[in-house]
Protein chains: 2
Amino acid sequence: MEREDLGALFARITRRLIEAERPLLEARGLSMWGYVVLSHLSHRPASTQLALARAIGYDKTRLIGVLDDLERDGLVTRVPDPADRRARIVELTPAGRDRHRDARDDIGAMEDAFLGALSDGRRAALRRTLAQLAAEGE
Amino acid sequence: MEREDLGALFARITRRLIEAERPLLEARGLSMWGYVVLSHLSHRPASTQLALARAIGYDKTRLIGVLDDLERDGLVTRVPDPADRRARIVELTPAGRDRHRDARDDIGAMEDAFLGALSDGRRAALRRTLAQLAAEGE
DNA sequence: TATTGTTATACTCTATAACTATA
DNA sequence: TATAGTTATAGAGTATAACAATA
């Protein structure tokens with residue numbers, strides 16, 4: 001039996017998901033990485049830029065432009081850490097929290113449609129397995 | 001309950017798989033897309049360049065460099081189609097078939113390790129679900 | 001001397017258009 | 001007029017090094 005590469009399967013599905021997300025985020029005025037930043041801050045309220053970059057697996061120099069955009073749009077604030085004046089603490093504003101919730105809801109609805117053909121049991125099994133595989137790498 | 005984005009989960013796992021594949025392919029002298037081309041030709045023996053590009057979801061202009069490399073290394077041949085002299089038919093050479101088999105075996109072993117913690121039942125369920133999700137988009 | 005945030009530069013990938021030879 | 005393969009060019013994304021401020 002011909003077993004298809006796991007990597008090819010994952011890559012194809014990831015590409016489809018990203019393509020489906022892009023217009024939803026664009027309609028909310030968010031870039032992909034901007035959304036990732038808001039998501040991370042939504043359940044871990046404040047973080048230095050370096051810690052944030054490491055947590056989301058992104059480069060610290062590229063994160064700067066993303067934060068510039070988010071700050072300009074009033075979705076996050078950067079305030080100097082009193083304990084270490086080199087560091088700047090990134091925090092969600094109320095507007096940032098709202099924007100993230102709206103985008104997340106849009107994406108959640110898209111994901112439900114994406115998984116359309118799967119039973120509830122298979123959806124749950126998939127999420128469990130994915131969470132386990134994603135967690136192992138840390 | 002906080003449900004993590006499906007897209008983020010898939011993207012993280014895909015990145016890990018690709019990072020694990022890269023050194024294996026490099027050791028076999030193959031690029032990622034070179035391997036994808038060999039894989040496709042291994043179960044669909046011959047194809048025009050345009051059909052190949054569409055089948056693997058890649059751009060026809062970028063495919064050219066990939067085929068140049070594979071041809072230079074003696075892994076594929078490009079012969080003009082007698083029925084349509086604009087088109088060139090891409091075919092695996094015996095060396096190409098061997099190279100693909102070796103790389104595929106390396107990758108298969110890596111994937112088994114990657115899925116290490118999962119039971120046989122959960123592996124099978126995952127593959128079934130992934131195949132279904134990947135197929136829907138076509 | 002090392003670290004945080006930043007800027008600058010070079011490099012790689014990707015997208016697009018244009019060209020040739022056939023149809 | 002359209003299509004298969006190719007080439008060239010411009011743009012986006014990425015990696016790296018260097019800098020100022022602070023530890």
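Worth pointing out:
Quick grid of which residues meet (1) free of Cβ contacts under 8 Å to residues at least 40 places away in the same chain; (2) away from chain A (no Cβ under 13 Å); (3) not in a helix (DSSP H, G or I):
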{"site": "B:Glu4", "(1), (2), (3)": "yes, no, yes"}
{"site": "B:Ile13", "(1), (2), (3)": "yes, no, no"}
{"site": "B:Ser39", "(1), (2), (3)": "no, no, no"}
{"site": "B:Leu50", "(1), (2), (3)": "yes, yes, no"}
{"site": "B:Arg54", "(1), (2), (3)": "yes, yes, no"}
{"site": "B:Gly65", "(1), (2), (3)": "yes, yes, no"}
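- Residue check: A:Pro80 meets all listed conditions (1) without any contact (Cβ under 8 Å) to a residue 24 or more places away in the chain; (2) more than 9 Å from DNA strand C (Cβ to nearest atom); (3) touching a strand residue (DSSP E or B) at 6+ places or on another chain (Cβ under 6 Å) but one, namely (2).
- Scan of the range A:74-99 for residues that are of a type outside the set (A, V, I, L, M, F, W, C) and over 16 Å from A:Ser39 (Cα atoms), ordered by number: A:Arg78, A:Pro80, A:Asp81, A:Pro82, A:Asp84, A:Arg85, A:Arg86, A:Arg88
- Under the condition of being part of a helix (DSSP H, G or I) and surrounded by fewer than 14 Cβ atoms within 10 Å (Cβ to Cβ), the residues counted in the range B:79-101 number 4.
- Checking each residue in the range A:25-37 for being open to solvent by less than 30 Å² (accessible area, probe 1.4 Å) and either away from DNA strand D (no atom under 15 Å from the Cβ) or outside any helix (DSSP H, G or I) (or both) picks out only A:Leu30.
- Flag if B:Val76 is at pLDDT 95 or above, within 14 Å of chain A (Cβ to nearest Cβ) and buried (at least 21 other Cβ atoms within 10 Å of the Cβ): no
- Scoring B:Ala124 on the criteria (1) surrounded by 15 or more Cβ atoms within 10 Å (Cβ to Cβ); (2) within 14 Å of chain A (Cβ to nearest Cβ); (3) aliphatic (A, V, I, L, M) leaves a single failure, condition (1).
The values are calculated or read from the model by the stated rules, or taken from the named source; none is laboratory data. All figures in this text were calculated on a predicted structure; none of them were measured in a lab. As a convention, Cβ positions derive from the backbone with ideal geometry for all residues, glycine included, and neighbour counts pool all protein chains shown. Just so you know, the surface numbers come from the protein's heavy atoms only, side chains and all, with ligands and any DNA or RNA stripped out. Shrake-Rupley method; radii C 1.70, N 1.55, O 1.52, S 1.80 Å.
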